[in-house]
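The values are calculated or read from the model by the stated rules, or taken from the named source; none is laboratory data. Note that the structure is predicted; figures quoted are calculated from it, not measured. For neighbour counting, all protein chains shown are included, and Cβ atoms are generated from backbone atoms with ideal geometry for every residue, glycine included. These area figures cover heavy atoms from the full protein model, side chains too; ligands, DNA and RNA do not enter into them. Shrake-Rupley method; radii C 1.70, N 1.55, O 1.52, S 1.80 Å.
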Amino acid sequence: MQVILDELDRGKCDISIPGVVRENEQCTVARTMTIYSLYIYDRHCACVYYQDWHRTKPPKRAGEGGGILNAVSQAVSPLATDSTVPTPSGFSSPRNTLSSTSGLVVAVGEDPVTSLPNPTEHARSNTLPFDEEAKLVYGVVLSLRNMVKKISGRDEQFTSYRTSSYRLHLYETVSGYKFIMLSDAATDGLRFILRQIYNGPFLEYVVRNPLVPMDSRSQGVDNDYFRASLDRLVRGLSVFN
């Protein structure tokens, strides 16, 4: 896909692509602004939450022992094996199990339901496991933030960067939590949206929830109320299509 985008940038178009219109041997792309995914990291550099919307390829599940915390997202948690019993969420075992892929919510008092594995999910050799992807995203943000501070001084803040195919947005709280959102490259800055997520659903259903262990180093913050509230907020944005 990157090769195709490079060809489009140079004005060449030798194949038919949805959303591409040929005009006088030049190509124009009808791009729609949208939001791809959201990562939340704690002050210990661990990914504690993940959710995606218009991602082209579903994330690849983390490998066993890959370092991903429990209760980050059912879509990226390692698949259970016969000899491994999945660890339920520490802050409410069956209640906080909303699956982002199936939309299934397990009610209180029921046994957790494990979604069936996708047979093609682990066959994608060109997709990183989620634990490696999360480390890569954090590493990029940390490197760019340090570079900005060294070049521009400590008063300068790194808030976003843009490539030809996506834009990364960063909002960091006083307590050290980092909210990172990936969107279409044509999207304007969404740092204020990340601030709304922190001041709204995150404070309401994570910080003020006594059942959610903050800074536990072993548990994420995923729960059904937070995921549903966040999903409503993002889908209500004008840039969400």
Practice task
Can you confirm whether the range 210-222 contains a residue that is part of a loop (DSSP other than H, G, I, E, B), in contact (Cβ under 8 Å) with a residue 60 or more places away in the chain, closer than 29 Å to Gly67 by Cα and among the polar types (S, T, N, Q)?
Solution key: yes
Exercise for the section: State whether one or more residues within the range 65-79 are surrounded by fewer than 16 Cβ atoms within 10 Å (Cβ to Cβ), at pLDDT 65 or above, touching a helix residue (DSSP H, G or I) at 6+ places or on another chain (Cβ under 7 Å) and closer than 30 Å to Gly176 by Cβ. Expected result: yes
Practice task
Filter the range 39-60 for residues that are among the basic types (Lys, Arg) and closer than 13 Å to Phe130 by Cβ and give the result.
Solution key: Arg55, Lys57, Lys60
Problem - Members of the range 191-211 that are touching a strand residue (DSSP E or B) at 6+ places or on another chain (Cβ under 8 Å) and open to solvent by 10 Å² or more (accessible area, probe 1.4 Å) - result: Arg191, Arg195, Tyr198
Problem - Pair list, Cβ < 9 Å and 6+ apart or interchain, from the range 227-241 residues that are free of Cβ contacts under 8 Å to residues at least 24 places away in the same chain to residues that are in a loop (DSSP other than H, G, I, E, B) and open to solvent by 40 Å² or more (accessible area, probe 1.4 Å) - result: Ser238/Met33
Exercise for the section: Provide a single number: the residues in the range 21-45 that are open to solvent by 30 Å² or more (accessible area, probe 1.4 Å) and modelled with pLDDT of 85 or more. Expected result: 4
Practice task
Considering only the range 223-239, state which residues are part of a loop (DSSP other than H, G, I, E, B) and not polar (S, T, N, Q).
Solution key: Gly236, Leu237, Val239
Exercise for the section: Restricting attention to strands (runs of 3 or more DSSP E) lying wholly within the range 146-204, give those where 2 or more residues are under 17 Å from Asp52 (Cα atoms) and of a type in the set (A, V, I, L, M). Expected result: 167-172, 178-183
